[in-house]
Amino acid sequence: MSDHGDTAKPIITRRRFLQGTAVAGFGAFLAACTGSSTSSSAASNASTGASVPVPTPPPASASAAASEAAVSATPQPSPTGPLKFANWPAYIDLTGSAAEAEEYKAGSSPTIEQFKKKYAIDVDYEEKIEDNKTFYATIQPQLQGGAATGWDLIVVTDWLAAKIISKGWAEKLDQNNVPNAKTNVRDALRNQTWDPGNDYHYPWQSGMTGIGYNKNVLKSANIPEPKSLKDLWAIQGNRLSFLTESRDTFGLGLLKLGKSADPAQTTSDDLQAVHDDIKPVVDKGLIFADNSYLKNFASKKTWAAMVWSGDLASSGTEGDTFVVPEEGAMIWTDNMLIPKGATNKYTAELMINFVYDPKVAAQIENYVYYVCPVNGAEAILKDLNKKEPLDQYHLDLLFPPEDVIAKTHNFQFLPEDVEQTLDQLYLDLTGG
């Protein structure tokens with residue numbers, strides 16, 4: 001790869017101060033993030049012999065094969081733009097006032113600016129995705145109707161990525177255009193059941209769902225810092241928020257009740273029990289939030305919440321802390337897809353390839369504090385911090401000890417009847 005220019009200066013003060021516990025790692029953790037193996041849920045699944053059907057890509061048609069052959073025989077296209085890129089908040093490196101405001105604005109991400117300079121193409125990067133289902137509702141009608149979604153590149157979680165791919169609604173990647181991704185993606189994230197060969201996706205980041213709280217606010221209110229999900233439930237409801245991602249909220253709810261978070265073992269009765277356990281908290285003022293919980297923490301509207309692991313680290317306020325609950329945490333991977341009919345498919349492939357350069361991946365990771373899927377980024381990340389080396393506390397954030405890995409659960413791929421029950425019960429709680 002050519003020179004990427006100056007990397008973003010690491011934010012050492014507030015962002016580095018806020019971490020609460022180990023968050024992520026390699027091998028076993030990454031495999032569990034995809035639902036492919038080593039989580040405790042996966043282990044229990046293996047012991048029972050139970051399994052959950054996972055969506056798989058549609059079979060390639062003769063016309064599609066002919067089209068691919070024709071594409072491979074044509075000269076390499078030129079980049080076109082602007083690249084329309086939909087991502088989640090707090091999920092790319094930022095500098096300057098945008099980093100202080102913790103909100104992307106044009107010109108604020110070194111990664112985006114380096115890509116624009118390299119390919120002389122504009123990028124319309126938007127923090128458009130607050131939760132999977134809400135975003136999916138904005139693109140599903142177009143995909144069903146065979147129309148373009150208006151996006152060239154999107155980032156969605158495993159279960160939704162698998163659903164989009166299985167319906168034939170994702171563009172197949174030309175692997176010749178993504179050599180960095182093909183070479184550098186971590187082994188544990190290769191060849192998922194729902195996309196063998198990474199024909200349609202490459203991971204963006206992996207992470208966990210656990211407990212977030214502001215320790216200063218809790219101390220002022222004489223409330224102990226929550227270490228368990230039971231502790232979280234005990235905090236007054238009008239200062240709590242759970243997640244709009246129903247899999248995260250109900251997955252943690254299962255663990256709180258001492259139930260398995262293995263989708264193959266979860267029953268409708270289990271989900272009903274979680275619903276009934278959450279309902280009294282709703283009646284006391286519990287709200288359900290997406291990434292907006294960051295603003296709620298900043299305004300002190302929320303004192304404690306279910307949160308995603310990197311958010312409070314990269315975009316929280318003083319005193320915000322993330323912890324892995326004693327009962328365990330949910331794990332997941334968010335993935336880059338090119339929606340069917342994307343106007344700038346080749347440029348989207350160039351972006352996928354660009355962020356799989358270990359130098360670029362390291363500078364993103366140095367801001368977002370999620371789990372990097374790119375081999376070779378670790379050494380560069382440490383080099384970025386050589387003047388002020390990450391201590392063991394921060395290294396544990398990126399590379400967790402075994403006891404954290406042992407408490408992780410993947411609640412992604414649900415049987416159809418269980419998912420329907422989940423949707424109905426969640427709707428009842430949220431009043432949506």
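The values are calculated or read from the model by the stated rules, or taken from the named source; none is laboratory data. Not measured: the values here are computed from a predicted model. Every residue, glycine as well, gets a Cβ built from its backbone with ideal geometry; the counts of neighbours run over all protein chains shown. All accessible areas refer to the heavy atoms of the entire protein, side chains included, with ligands and DNA or RNA removed. Shrake-Rupley method; radii C 1.70, N 1.55, O 1.52, S 1.80 Å.
Worth a mention:
- Restricted to region 369-391, and to residues there that are over 21 Å from W332 (Cα atoms) and among the aliphatic types (A, V, I, L, M), the residue that is least open to solvent (accessible area, probe 1.4 Å) is L381.
- Residue list for region 79-123, restricted to those being surrounded by fewer than 16 Cβ atoms within 10 Å (Cβ to Cβ) and of a type in the set (D, E, K, R): E100, K105, K117, D122
- Residue match in region 161-179 (condition: closer than 28 Å to T421 by Cβ, of a type in the set (K, R), open to solvent by 10 Å² or more (accessible area, probe 1.4 Å) and in the same structural domain as K284 (by TED's automatic domain parsing)): no
- The set of residues from region 162-191 being over 22 Å from N375 (Cα atoms) and in contact with an Asp or Glu (Cβ under 8 Å, 6 or more places away or on another chain) comprises A162, I165, K172.
- Residues in region 141-154 that are in contact with a helix residue (DSSP H, G or I) (Cβ under 9 Å, 6 or more places away or on another chain) and not aromatic (F, W, Y): 8 in all.
- Some residue of region 325-346 being under 30 Å from G146 (Cβ atoms), more than 23 Å from the chain's Cα centre (by Cα) and of a type in the set (F, W, Y): yes
- Of the helices (runs of 4 or more DSSP H) that lie entirely inside region 34-133, those containing 3 or more residues that are at pLDDT 90 or above and closer than 21 Å to D152 by Cβ span 110-119.
- Some residue of region 291-299 being crowded, with 24+ Cβ neighbours inside 10 Å, touching a residue at least 12 places away in the same chain (Cβ under 8 Å), on the phi < 0 side of the Ramachandran plot and of a type in the set (S, T, Y): yes
- Annotation: I331 fulfils all but one of (1) open to solvent by less than 10 Å² (accessible area, probe 1.4 Å); (2) at positive phi; the unmet one is (2).
- When region 243-263 is filtered for residues that are on the phi < 0 side of the Ramachandran plot and open to solvent by 30 Å² or more (accessible area, probe 1.4 Å), the ones remaining, listed by number, are T244, K256, L257, K259, S260.
- Test: residue in region 313-326 that is open to solvent by less than 10 Å² (accessible area, probe 1.4 Å), touching a Leu at 6+ places or on another chain (Cβ under 8 Å), touching a residue at least 12 places away in the same chain (Cβ under 8 Å) and part of a helix (DSSP H, G or I): yes
- Residues that are charged (D, E, K, R), open to solvent by 10 Å² or more (accessible area, probe 1.4 Å) and modelled with pLDDT under 95 do not occur anywhere in region 352-364.
- Scanning region 167-196 for residues that are more than 20 Å from the chain's Cα centre (by Cα) and polar (S, T, N, Q) turns up Q175, N176, N177, N180, T183.
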